Amino acid sequence: MHTRAHGSALAVHIIEHHQVRELRVSALAAAEPTSPTCQLEALLAELGALLATTRLHEQDVVRCTVFFAGSGGGSVDLALRHDLAMLLRRRWPSGKGAAPAISLVQQSPLGGGSVALDLLALAAGAGELRLLRRSSAHGTAVTLGALRRAFLVIAPGPAGPEPRNMEAEGRAALGLAEAELLRFGFGLDQVLRTWFYIPGILERSGASQRYQQLNEARSRFYERPRPHRFLERLLPPGHGGGPGAGGYPASTGIGAEAGPLVLELEALDAPPGQAVAFPIENPRQLSAYRYPGDVLVGDGAPAPPRFSRGLVELSEGLARVRVSGTASIRGSSTMHPGDVAAQTATTLETIELLVSAANLARHGLARGLTLGELAQLRIYVKRPEDLPVVSALCTARCGAIPMLYLQADICRDDLLVEIEAFGAFPL
């Protein structure tokens, strides 16, 4: 496993194992006076050159999230979305059966040009296994040995009329995601990781915040009777899981400038004994699904956010650690309102504890990760002028690992920074 920079735009982390090769790319376009479409074209050209040096190919890409700055004013930039989408479709024609899950999120990159991307590619390792693939309009599913993985993007359509009802949009997105998972032979209970990009996340309809509306949709959808509890088929023996016990995916719910609600997800299907996955929580934070009503912005008895602070997957001789969107929260309270440096430091300390050997030892693992051993960070910054402070602290604590900075509102008015992460180590 190693991290390296490639050219001026791409930061790369490569996991090489006898069963699988996994490449994660964080890429930011250069700050040049060219159109966003030209900037994305340049990034994709550099990506092609990178793949040629790593024994991977463009058809090995399973997920590609493109972030772009709109024209301002918080409105949907439909023309730009169309141009970027057409460029991506030309790159990965759906008719060839190997198109990745492609997501377009109107969320401004920071520190460079107006386009950035986050990409994952998978291929078989040096053994005799072959990677098989099946794609649809919403994403792709891959099979490697006994394991199957699904990568989906659900964006139900153009932004609805104002005022937006994020609970209805959330139900629609989750319903479509479940139907698409079923077409691939997966269940919603097998989802490991979700991202919800929520336009106007802090805006309110009456007393209810849009993020809370999404929480209501997620809670009602997740708690419906179903054949399996969340992660039940992947949990290790003796783990309770299920409602109220932390059996939820890792997740990020973050603001977007405009556009539709976008849901991304990753799911895993494995025969018994081939893989396990379990949620992890942080001793310094109250589990999000146990938040009291006084920190939730909604009517009546608002539903808490149904996600775990992180999720560990043990498979293919690797421990993969997915860290949910994390902010400056202790217990359930915001720490250091207005102080971006203190909030960033607190967030990094929280992630450090979550992935530490001491925390993972509670689940039977012999080691954990340090911040500098993580493979990838994505950092959301509310105020662009705070970028120098946030990036200096992240670099000082984490070193030269791939980091992508984006401007976004966080789920609380007084939060200025949110960070998510991914890391892996051999078992």
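Pairs linking a residue in the stretch 322-342 that is touching a residue at least 24 places away in the same chain (Cβ under 8 Å) to a residue that is assigned to a helix (DSSP H, G or I) and of a type outside the set (A, V, I, L, M, F, W, C), with Cβ atoms under 6 Å and 6 or more positions apart or on different chains, are THR326/THR347; THR326/THR350; ALA327/THR347; SER328/GLN343; SER328/THR346; SER328/THR347; VAL340/ASP386.
Among the residues of the stretch 151-167, at least one is assigned to a strand (DSSP E or B) and not β-branched (Val, Ile, Thr). The residues of the stretch 189-234 that are surrounded by fewer than 20 Cβ atoms within 10 Å (Cβ to Cβ), at pLDDT 90 or above and of a type in the set (A, V, I, L, M) amount to a single one, LEU202. Here GLY298 meets the list (1) in a strand (DSSP E or B); (2) under 18 Å from GLU223 (Cβ atoms); (3) in contact with a helix residue (DSSP H, G or I) (Cβ under 8 Å, 6 or more places away or on another chain) almost entirely, failing just condition (1).
Residues of the stretch 15-35 being assigned to a strand (DSSP E or B) and buried (at least 18 other Cβ atoms within 10 Å of the Cβ), which ones?
Across the stretch 15-35, the qualifying residues are ILE15, VAL20, ARG21, GLU22, LEU23, ARG24, VAL25, SER26, ALA27, LEU28.
Can you spot a residue in the stretch 190-198 that is over 22 Å from TYR380 (Cβ atoms), in contact (Cβ under 8 Å) with a residue 24 or more places away in the chain and under 19 Å from the mean Cα position of the chain (by Cα)? Within the stretch 190-198, one or more residues are over 22 Å from TYR380 (Cβ atoms), in contact (Cβ under 8 Å) with a residue 24 or more places away in the chain and under 19 Å from the mean Cα position of the chain (by Cα).
Answer with yes or no whether LEU51 is in contact (Cβ under 8 Å) with a residue 40 or more places away in the chain, over 20 Å from the mean Cα position of the chain (by Cα) and over 24 Å from ALA256 (Cβ atoms). Don't jump to the end; show me each part of the working.
Numbers: in contact (Cβ under 8 Å) with a residue 40 or more places away in the chain: yes; over 20 Å from the mean Cα position of the chain (by Cα): yes; over 24 Å from ALA256 (Cβ atoms): yes.
Yes; evaluated as a whole, the condition is true for this residue.
Figure legend. Inter-residue proximity from the stretch 128-146: first residues closer than 17 Å to ALA101 by Cβ, second residues basic (Lys, Arg), beta-carbon distance below 6 Å, spacing 6+ or different chains. Indicated pairs: ALA141/ARG134; VAL142/ARG133; VAL142/ARG149. Would you check if there is a residue in the stretch 110-126 being of a type in the set (S, T, N, Q) and either within 23 Å of the chain's Cα centre (by Cα) or closer than 24 Å to LEU182 by Cα (or both)? Looking for residues that are of a type in the set (S, T, N, Q) and either within 23 Å of the chain's Cα centre (by Cα) or closer than 24 Å to LEU182 by Cα (or both), one finds at least one in the stretch 110-126, hence yes.
If you go through the stretch 6-29, how many residues are of a type in the set (Gly, Ala, Ser) and modelled with pLDDT under 90? Total meeting the criteria: 4.
Given the structure, is ARG148 surrounded by fewer than 24 Cβ atoms within 10 Å (Cβ to Cβ), more than 18 Å from ILE254 (Cβ to Cβ) and either touching a Cys at 6+ places or on another chain (Cβ under 6 Å) or of a type in the set (Lys, Arg) (or both)?
Values: surrounded by fewer than 24 Cβ atoms within 10 Å (Cβ to Cβ): yes; more than 18 Å from ILE254 (Cβ to Cβ): yes; either touching a Cys at 6+ places or on another chain (Cβ under 6 Å) or of a type in the set (Lys, Arg) (or both): yes.
Judged against the criteria, ARG148 is a match.
Looking at (1) touching a residue at least 24 places away in the same chain (Cβ under 8 Å); (2) among the charged types (D, E, K, R); (3) closer than 22 Å to GLU266 by Cβ, find the lone condition where ARG224 falls short. Going through the list (1) touching a residue at least 24 places away in the same chain (Cβ under 8 Å); (2) among the charged types (D, E, K, R); (3) closer than 22 Å to GLU266 by Cβ, ARG224 breaks only (1).
Checked against (1) touching a His at 6+ places or on another chain (Cβ under 8 Å); (2) modelled with pLDDT of 90 or more; (3) within 26 Å of ALA52 (Cα to Cα), GLY127 meets all criteria but (2).
The values are calculated or read from the model by the stated rules, or taken from the named source; none is laboratory data. On a predicted model such as this, the values are computed, not experimentally measured, just so you know. Note that each Cβ is placed from the backbone with ideal geometry, even for glycine, and that neighbours are counted across all protein chains shown.
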